[in-house]
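The block underneath contains the structure these notes are about, expressed in structure tokens.
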Amino acid sequence: MFTGIVTDLGVVRRVVRGEGREARFEIASGYDTSTIAIGASIAHNGVCLTIIEVGPDWHAVEASAETLSKTTLGSWREGSKVNLERALKVGDELGGHIVSGHVDGVAKVVSITPENESKRYVFESPADLACFVAPKGSVALDGVSLTVNEVDGRRFGINVIPHTQAVTTFGTYRPGDEVNMEIDMLARYVARLLQKD
């Protein structure tokens, strides 16, 4: 489990594509890799991936063909920036909201507008996820916990403060870019409870 509070901005240093369309990624980061166990979980742009190898300032993960097809990881190249968050430990501060690291779909950046020091981003969600996005609710985009400001059909707006723009991939986005989207876990279960048999 995660909170959607990014703790490092990593960089893809190596990509190895497999014959079965899976991929291995090596990620350079500021983490102390002596504290990262093989088999540990780290969220990469919101995708929970298992650590398979560590080096002095990098770690390696693998992504299956399914993960590459359902997320933005298939577009990663050497030099791609990656939001990183290590898994929660019991007693850690829950600064964002509960995030599972299981991406529900890919949203698209529609527009970015300056709003004082912040920026207002408008995203378009996949049609099947639009009903899970509510004003003042939470959403995780590329692993970042965010509060929804307004909703208009499939489109929703969020404000991103300068700090978040500086320490996450949000500072690099342009209209048309795609981001991993995980809906709020509470919204998922409420929707399930309301379904009629």
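The values are calculated or read from the model by the stated rules, or taken from the named source; none is laboratory data. These numbers come from a predicted model, not from an experiment. Neighbour counts are summed over all protein chains in view; Cβ atoms, including those assigned to glycine, are modelled from backbone coordinates with ideal geometry. Quick note on the areas: whole protein, heavy atoms, side chains included, nothing else; ligands and nucleic acids left out. Shrake-Rupley method; radii C 1.70, N 1.55, O 1.52, S 1.80 Å.
Overview of values
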{"quantity": "Positions within the stretch 40-76 being open to solvent by 50 Å² or more (accessible area, probe 1.4 Å) and of a type in the set (Gly, Ala, Ser), in sequence order", "calculated": "Ser64, Ser69, Ser75"}
{"quantity": "Residue ID - surrounded by the most Cβ atoms within 10 Å (Cβ to Cβ), chosen from residues in the stretch 77-97 that are charged (D, E, K, R) and assigned to a loop (DSSP other than H, G, I, E, B)", "calculated": "Asp92"}
{"quantity": "Criterion violated by Arg155 - all others in (1) closer than 21 Å to Val47 by Cα; (2) surrounded by fewer than 20 Cβ atoms within 10 Å (Cβ to Cβ) satisfied", "calculated": "(1)"}
{"quantity": "Gly91 vs. criteria small (Gly, Ala, Ser) and either closer than 18 Å to Arg174 by Cβ or touching a residue at least 12 places away in the same chain (Cβ under 8 Å) (or both)", "calculated": "no"}
{"quantity": "Flag if Arg13 is open to solvent by 20 Å² or more (accessible area, probe 1.4 Å), over 15 Å from the mean Cα position of the chain (by Cα) and in contact (Cβ under 8 Å) with a residue 60 or more places away in the chain", "calculated": "yes"}
{"quantity": "Neighbours by Cβ (under 8 Å, 6+ apart or cross-chain): first from the stretch 42-55, farther than 15 Å from Arg13 by Cα; second of a type in the set (Asp, Glu) and not in a strand (DSSP E or B)", "calculated": "Asn45/Asp142; Gly46/Asp142"}
{"quantity": "Some residue of the stretch 110-125 being free of Cβ contacts under 8 Å to residues at least 24 places away in the same chain, open to solvent by 10 Å² or more (accessible area, probe 1.4 Å), in contact with a Gly (Cβ under 8 Å, 6 or more places away or on another chain) and among the β-branched types (Val, Ile, Thr)", "calculated": "no"}
{"quantity": "Test: residue in the stretch 126-140 that is of a type in the set (D, E, K, R), surrounded by fewer than 21 Cβ atoms within 10 Å (Cβ to Cβ) and free of Cβ contacts under 8 Å to residues at least 60 places away in the same chain", "calculated": "yes"}
{"quantity": "The stretch 170-181, residues that are in contact (Cβ under 8 Å) with a residue 60 or more places away in the chain and crowded, with 21+ Cβ neighbours inside 10 Å", "calculated": "Val179, Asn180, Met181"}
{"quantity": "Long-range neighbours under 6 Å by Cβ, at least six apart or interchain, first residue free of Cβ contacts under 8 Å to residues at least 40 places away in the same chain within the stretch 17-30, second part of a loop (DSSP other than H, G, I, E, B)", "calculated": "Ala28/Asp57"}
{"quantity": "Subset of the stretch 91-149 (residues that are farther than 25 Å from Asp8 by Cβ, touching a helix residue (DSSP H, G or I) at 6+ places or on another chain (Cβ under 9 Å) and aliphatic (A, V, I, L, M))", "calculated": "Val133, Ala134"}
